[in-house]
Amino acid sequence: MSEKIQGPQKLGPLTPLVGEWEGDGGVDLSYHNNEDETSKTSYFEHAWFKPIPIQENGRQTLWGLKYAMTAWRHGEEAMDPFHDEIGFLLWDAEHKQVMRDVVFGRGIAILAGSTAEARDTEMRFDAKPGDPCYGILQNHYLLERAEILDFKSAFTIDDEETFSYTSDLHMKLAAIGGEMHHTDNNTLKRVKRYHPGSEFN
């Protein structure tokens, strides 16, 4: 068997994500206000990851991807999505840090990250409220009603055409008078590759 030859991977562990992806096996576990219950919801998801210009913060150099992930409950694919997030995935090769800079339409902003190697196939993105580096912000209403205590997520490159993720928001939820874990997971297949000169939009 011949050895697999890889390029320089300037995007580090983010390299395999460039392109567009879809997954139909998503599962969301969350509290539903209308039904006053915690239950699972299945969903379809579309995601894209596009390279951005090199970011230079003084002596720090960041390579990265702009990305978006949008999800529709099964049976509501032709309607408004129930989840939409945009952000950046960033790679600091010198300091071996991978970061997820994400904004959710609910009024939540998170900068999460961890240590990683250039050719890792699993990337962890963790954050805690009040952490000066990898922290969490949320609007006043959510802070009072659904305070986020911890955020843990991971992207796993399963193979060249497949990646999966998990996400866990540990929350203090006023509606149930206690804490819960709002979790999401899905496996996505590549549906489009990007090449030099191709249209990203």
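The values are calculated or read from the model by the stated rules, or taken from the named source; none is laboratory data. Keep in mind the model is a prediction, meaning the values are calculated, not measured. Cβ sites come from the backbone with ideal geometry, for glycine too, and all protein chains shown count toward neighbours. The protein model used for the area step is the full one, side chains on, heavy atoms only, and it has no ligands, DNA or RNA in it. Shrake-Rupley method; radii C 1.70, N 1.55, O 1.52, S 1.80 Å.
For the stretch 142-164, enumerate the residues that are more than 29 Å from GLY25 (Cα to Cα) and free of Cβ contacts under 8 Å to residues at least 12 places away in the same chain.
Within the stretch 142-164, LEU143 is the sole residue that qualifies.
When the stretch 26-40 is examined, which residues are found to be under 15 Å from HIS83 (Cβ atoms) and either crowded, with 17+ Cβ neighbours inside 10 Å or out of contact with any Lys or Arg (no Cβ under 6 Å at 6 or more places or on another chain) (or both)?
Once the filter is applied, which keeps residues that are under 15 Å from HIS83 (Cβ atoms) and either crowded, with 17+ Cβ neighbours inside 10 Å or out of contact with any Lys or Arg (no Cβ under 6 Å at 6 or more places or on another chain) (or both), the stretch 26-40 yields GLY26, ASP28, SER30, TYR31, HIS32, LYS40.
Scan the stretch 89-112 residue by residue and report those that are of a type outside the set (A, V, I, L, M, F, W, C), free of Cβ contacts under 8 Å to residues at least 24 places away in the same chain and under 30 Å from ILE176 (Cα atoms).
Passing the criteria: ASP101, GLY105.
Would you tally the residues in the stretch 165-194 being of a type in the set (A, V, I, L, M), touching a His at 6+ places or on another chain (Cβ under 6 Å) and touching a residue at least 40 places away in the same chain (Cβ under 8 Å)?
0
Just name the residue that is nearest to GLU22 (Cα to Cα) out of those in the stretch 144-171 that are over 14 Å from the mean Cα position of the chain (by Cα) and buried (at least 16 other Cβ atoms within 10 Å of the Cβ).
Only one residue tops the list, namely HIS170.
Identify all residues within the stretch 52-106 that are open to solvent by less than 20 Å² (accessible area, probe 1.4 Å), within 12 Å of the chain's Cα centre (by Cα) and not hydrophobic (A, V, I, L, M, F, W, C); write none if there are none.
TYR67, GLU85, GLY87, ARG100
Output the number of the condition that GLY135 fails; it satisfies all remaining conditions of (1) out of contact with any helix residue (DSSP H, G or I) (no Cβ under 9 Å at 6 or more places or on another chain); (2) within 23 Å of ALA47 (Cα to Cα); (3) open to solvent by less than 40 Å² (accessible area, probe 1.4 Å); (4) not hydroxyl-bearing (Ser, Thr, Tyr).
The single condition GLY135 does not satisfy is (2).
Only residues in the stretch 1-27 that are at positive phi count as the first member; pair them with residues that are among the aromatic types (Phe, Trp, Tyr) and at pLDDT below 95, Cβ under 8 angstrom, at least 6 apart or cross-chain, and list the lot.
Pairs found: GLY19/TYR194.
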